[in-house]
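Okay, structure first, notes after.
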Amino acid sequence: MIAVLALFPFSGAESWIVNIGIFTLMYAVLGSAWNLIGGYTGYVSLGSVAFFGLGAYGLALTFQHIGIGNGFLPFALVPLIGIAVAIISLPIGWIAFRTRGLPFIIVTISLVIILQYMALNLTDVTGGAPGLQVPQAPFPPGTYEEYFYWAMLVVFAVTLLACAYVRRSRLGLMMFAVREDEDKARGLGVATSVPKYAAFAGCAAFSAMAGAVWAYYLSTVYPQFAFDGEFLAMGIILVAYLGGIGTLWGPFVGALILTPAQQYFAYSLGGSQLYLIAYAAVFIVVMLFLPRGVMTTFADRALRRSRRRKQVVEELATAESESPREAPSPVVAR
């Protein structure tokens, strides 16, 4: 699947379509990263936006002091920014995990609000409301979007591989145990702090990497967009729920449906931000009719059909074995 996605820019798609592809992959990264904490451990966090913004500002601040060379150096530093933000997230996680449930949600969204106001007011560092400029990449205009598409695809592939590894590892089992019943898991000897901090740091790292690529692509980082606690946070959770929380490919499926729909709403309803109402309506529909997401819902339906088919075959086999057989006719010797 990743190979097919890598070939997408060669399909002859126009620049605006590749642009939608970049944002689709970005939301797939953010949804998969959120899935580590929200889907695997059951802690619903709104702090992914904070780490996304930290990654964006981290890249912008780095290249206020050094040059971008041939344009590929910022891509090379994206993993380092992700690691740095993951380290920063650990003391934040120590504070957040002293709570559960609704207080945990409030703590994480408070982090986004605090960072947004800091970015607005620390003008000497962040540039304030006018934003912070990032040197524009010296890529050819005709293929400009393609480089950022592939960079975001690499981030998505790394995130997906990490999620796939976690799901099959002992760490993943510990995360699922925390999700099902944290107190019982602790009583059975599970070190519950390990999977929680690992999920929180992983979510921070991958969200920051997506934010760094996003900042380089747009060339300007604005506080109200980098730390958008309303639209961006809602979009991250919506793609995860729409595709199926706790699943591997669910966030990608959700992003594949949601991002083009968001672009359509924004284009058709204009700059009045009325499209956010349509966006919220999609969230309500998903919660009412697909609470377990597209992937999980269709997987459950396929499983039920398989079980029903197997039951019918077993009933036919039982009926055939219990039916009386005709006695063979005697052979008359001549």
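List pairs: first in the range 34-61 and open to solvent by less than 10 Å² (accessible area, probe 1.4 Å), second basic (K, R), Cβ under 9 Å, 6+ apart or cross-chain? Final answer for the pair search is I37/K196; G39/R179; Y40/R167; Y40/R179; T41/R179; T41/K196.
If you check G58, G38, G21, which single one turns out to be modelled with pLDDT under 95 and closer than 24 Å to G131 by Cα?
Details: G38 fails: closer than 24 Å to G131 by Cα; G21 fails: closer than 24 Å to G131 by Cα.
On inspection, the qualifying residue turns out to be G58.
Mind checking which residues of the range 145-191 are of a type outside the set (A, V, I, L, M), open to solvent by 60 Å² or more (accessible area, probe 1.4 Å) and not in a helix (DSSP H, G or I)?
Of everything in the range 145-191, just one residue is of a type outside the set (A, V, I, L, M), open to solvent by 60 Å² or more (accessible area, probe 1.4 Å) and not in a helix (DSSP H, G or I), namely G189.
With respect to the conditions (1) in contact with a Gly (Cβ under 7 Å, 6 or more places away or on another chain); (2) open to solvent by 50 Å² or more (accessible area, probe 1.4 Å), F206 falls short on a single one, namely (2). Among residues of the range 288-308 that are under 16 Å from I257 (Cα atoms), those with a Cβ under 6 angstrom from a residue that is hydroxyl-bearing (S, T, Y) and at pLDDT 75 or above, sequence gap 6+ or separate chain, pair up as G293/Y241; M295/T247. Every residue in the range 81-134 that is of a type in the set (A, V, I, L, M), under 17 Å from G229 (Cβ atoms) and surrounded by fewer than 21 Cβ atoms within 10 Å (Cβ to Cβ), please. Hits for the range 81-134 are I92, L102, I105, I106, V107, I109, I113, I114, M118, L120, A129.
Outside any helix (DSSP H, G or I) and under 25 Å from Y43 (Cβ atoms) - does that describe any residue in the range 200-222?
No, there is no match, as no residue in the range 200-222 is outside any helix (DSSP H, G or I) and under 25 Å from Y43 (Cβ atoms).
The values are calculated or read from the model by the stated rules, or taken from the named source; none is laboratory data. None of the values given here were measured: they were computed from a predicted structure. For neighbour counting, all protein chains shown are included, and Cβ atoms are generated from backbone atoms with ideal geometry for every residue, glycine included. For the accessible areas, the whole protein counts, side chains as well, though only heavy atoms, and no ligand, DNA or RNA atoms are used. Shrake-Rupley method; radii C 1.70, N 1.55, O 1.52, S 1.80 Å.
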